Amino acid sequence: MRTLTELLKTNEKVFILLANDNLKQKFMQQAEDEGFVYRGKNPTESQAESVMIIHADYTLGTLVGMATHMHYHYCPKEMRIDYARYINGLDDYYYDVKEEG
């Protein structure tokens, strides 16, 4: 299985698209298994948003504030990961913001 930490090899943070509740739960469990924390707690103690951010310091975040939203919309495509594609082993697991929806 691919790890979340692999995604941080080339970026300090990566945006993860979670298209449904099942993916949200799976992501939070994987993040916890890999040692990430969310708001100072284990990720599984909270609910994920549709887009989560993984940071190189092993913290999780969400799209809060104008600056974060701007960064999300204008960052390189390689920083936006479709979690379903990624965990299913597809080579092209990036997505454009326009694909959401």
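The values are calculated or read from the model by the stated rules, or taken from the named source; none is laboratory data. Given the structure is predicted, the values throughout are model-derived calculations rather than measurements. In this analysis, Cβ positions are derived from the backbone assuming ideal geometry, glycine residues included, and neighbour counts consider all displayed protein chains. Keep in mind that these areas ignore ligands, DNA and RNA; they rest on the heavy atoms of the full protein, side chains included. Shrake-Rupley method; radii C 1.70, N 1.55, O 1.52, S 1.80 Å.
If you scan segment 49-88, which residues turn out to be of a type in the set (A, V, I, L, M) and either touching a Phe, Trp or Tyr at 6+ places or on another chain (Cβ under 9 Å) or closer than 23 Å to residue 35 by Cβ (or both)?
51, 52, 53, 54, 56, 60, 63, 64, 79, 81, 84, 87, listed by residue number.
Would you please name the residue that is least open to solvent (accessible area, probe 1.4 Å), looking only at residues in segment 53-63 that are in contact with a Gly (Cβ under 7 Å, 6 or more places away or on another chain) and farther than 18 Å from residue 97 by Cα?
Among those residues, the one meeting the criterion is 55.
Of the residues that make up segment 37-52, is at least one farther than 18 Å from residue 87 by Cα, touching a residue at least 60 places away in the same chain (Cβ under 8 Å), open to solvent by 40 Å² or more (accessible area, probe 1.4 Å) and of a type in the set (Val, Ile, Thr)?
no
Got a number for residues in segment 1-26 being small (Gly, Ala, Ser) and buried (at least 18 other Cβ atoms within 10 Å of the Cβ)?
The qualifying residues number 0.
Of the residues that sit in segment 64-92 and are modelled with pLDDT under 95 and of a type in the set (Phe, Trp, Tyr), which one is most open to solvent (accessible area, probe 1.4 Å)?
Step by step, filter segment 64-92, then rank; the result is 74.
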